1. Output the residue which, of all residues in the stretch 7-27 that are polar (S, T, N, Q) and touching a Cys at 6+ places or on another chain (Cβ under 7 Å), is farthest from the ligand (Cβ to nearest atom).
2. When you scan the stretch 51-99, how many residues do you find that are touching a residue at least 12 places away in the same chain (Cβ under 8 Å), in a helix (DSSP H, G or I) and either open to solvent by less than 10 Å² (accessible area, probe 1.4 Å) or among the hydrophobic types (A, V, I, L, M, F, W, C) (or both)?
3. With respect to G251, determine if the residue is modelled with pLDDT of 95 or more, within 30 Å of A19 (Cβ to Cβ), more than 12 Å from the ligand (Cβ to nearest atom) and under 24 Å from the mean Cα position of the chain (by Cα).
4. Residues of the stretch 309-327 being touching a residue at least 24 places away in the same chain (Cβ under 8 Å) and outside any strand (DSSP E or B), which ones?
5. Yes or no: G141 over 30 Å from Q65 (Cα atoms) and of a type outside the set (A, V, I, L, M)?
6. Output the number of the condition that V250 fails; it satisfies all remaining conditions of (1) touching a Cys at 6+ places or on another chain (Cβ under 9 Å); (2) surrounded by fewer than 19 Cβ atoms within 10 Å (Cβ to Cβ); (3) of a type in the set (A, V, I, L, M).
7. Which number in (1) within 13 Å of the ligand (Cβ to nearest atom); (2) part of a loop (DSSP other than H, G, I, E, B) marks the one condition that R366 misses?
8. Looking at G306, G342, G348, which one is open to solvent by less than 30 Å² (accessible area, probe 1.4 Å), out of contact with any Leu (no Cβ under 8 Å at 6 or more places or on another chain), assigned to a helix (DSSP H, G or I) and touching a residue at least 40 places away in the same chain (Cβ under 8 Å)?
Amino acid sequence: MTAANITVLGAGVVGLTTALVLSKHKNLKITIVSKHMPGDYDIEYASPWAGANYFPVGKPGTILQKFERATWPELDRICSEVPEAGIHYQETVIYGRKKDADSATGQWFKELIKEDAWFKDVVPNFRVLPKSSLPPDCHTGTSFTSVCINTAIYLPWLLGQCVKNGVVVKRGIVSHVAEAASLHHSGRAADLVINCTGLGAGKLGGVMDPTVYPARGQIVLVRNEPGIMATVSGTDDGDDEATYVMQRAVGGGTILGGCLQHHSWESQPDPNLAQRIMQRSITLCPSLAPKASQVSELSIIRHGVGLRPMRKDGPRVEKDKVSMTDGKGVHAVHCYGHGGYGYQASWGSAWEVERLVGEVLGEMGREKAKL
Ligand SMILES: Cc1cc2nc3c(=O)[nH]c(=O)nc-3n(C[C@H](O)[C@H](O)[C@H](O)COP(=O)(O)OP(=O)(O)OC[C@H]3O[C@@H](n4cnc5c(N)ncnc54)[C@H](O)[C@@H]3O)c2cc1C
């Protein structure tokens with residue numbers, strides 16, 4: 001039987017991880033088609049702007065929680081066995097404040113700050129911090145070992161692994177899922193399109209998901225070292241502002257964040273917010289500015305803004321047959337809407353796509369048995 005042709009649309013962390021998982025099946029011929037690629041910095045491309053770390057936020061029973069749980073062992077394995085992928089372990093401290101319970105950031109971190117968090121047996125060294133050790137306005141504190149990913153290293157690494165497995169990579173902007181099928185490198189239309197377009201799924205023909213929207217995140221990247229990876233559930237500066245600090249692996253600098261501004265498309269950094277982020281980060285991690293605890297001690301690499309590709313009901317990972325005007329249909333597996341959790345859910349999500357691809361090819365009478 002002939003091999004199946006697959007186009008993966010999108011080259012963010014979700015598209016690249018999915019393509020890598022699928023590329024291990026030698027009977028699949030895979031083309032990645034994407035407007036943006038690792039190395040680009042653009043407001044339409046969320047992945048380079050992420051911290052990125054593993055801070056689970058999925059509610060128990062959701063597919064997000066399932067993906068986050070499934071992803072940790074692979075991030076752990078890559079971290080310990082593949083140093084060139086740009087991931088390192090970080091001792092982590094999470095603080096929660098009661099007054100953030102109803103704020104945008106408090107809701108976001110609801111599961112993360114729990115002292116009996118569902119992931120306490122997933123990550124190593126989880127422990128509850130003594131109340132006497134918490135900052136004055138905090139009510140909960142936990143500590144565990146997590147990872148921080150240098151996205152500038154990790155995304156090209158993922159791409160390189162795909163290429164090593166025979167994946168063909170093309171730049172392209174498509175307006176419809178069917179167009180992605182026609183760009184397969186074989187010259188024949190792909191049997192299946194994997195739609196990993198993030199926020200783009202809101203505008204893509206054949207999808208046009210109205211429940212996709214941005215949650216703006218602003219960061220400052222600095223050279224200073226924080227000592228630990230840390231976050232607080234909220235701030236007194238606004239309901240949609242939070243504080244998090246993480247040092248990226250292999251010289252990637254330290255990310256200071258941030259905010260979660262639902263429905264904001266603003267691509268430019270707000271200088272006032274940047275000042276607040278830097279000052280709060282120093283309060284949280286005094287090692288950043290040991291001399292006088294002042295923002296002037298920070299050595300800034302760049303300011304940044306990224307848009308998290310949110311979806312009202314969480315990530316959409318499901319099969320579909322996209323109808324076209326000529327009455328024909330294109331088989332698709334959607335994989336978008338990974339909000340602020342695209343890295344920490346990436347492997348679990350990709351393995352679910354792999355399972356669905358097996359189902360779709362089986363339904364088409366293709367090579368299900370080999371998947
Ligand atoms: C400030 C910030 C901090 C974050 N921190 C973390 C973190 O610590 N941990 C974590 O897990 N997550 C974090 N995230 C979230 C994470 O970055 C996203 O969930 C993830 O990047 C989404 O990946 P994606 O591949 O779905 O989307 P994207 O990276 O946006 O990729 C979408 C791809 O689709 C392509 N595309 C879209 N439409 C088309 C089209 N019509 N034609 C061709 N190509 C198209 C784009 O060019 C792009 O390549 C953070 C995000 C931000 C903004």
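1. For the stretch 7-27, the residue satisfying everything is S23.
2. 10
3. Criteria met by G251.
4. Step one: filter the stretch 309-327 for residues touching a residue at least 24 places away in the same chain (Cβ under 8 Å), giving 309-319, 322-324.
Matches in the stretch 309-327: K312, D313, G314, P315, M324.
5. So G141 does not fit the description; no.
6. (1)
7. Unmet for R366, out of (1) within 13 Å of the ligand (Cβ to nearest atom); (2) part of a loop (DSSP other than H, G, I, E, B): (1).
8. Answer to the selection: G348.
The values are calculated or read from the model by the stated rules, or taken from the named source; none is laboratory data. All of these numbers come straight from a predicted model, not from anything done at the bench. Virtual Cβ from ideal backbone geometry, glycine too; neighbours counted across all protein chains shown. Remember, those area values only see protein heavy atoms, side chains included, never the ligands or the DNA or RNA. Shrake-Rupley method; radii C 1.70, N 1.55, O 1.52, S 1.80 Å.
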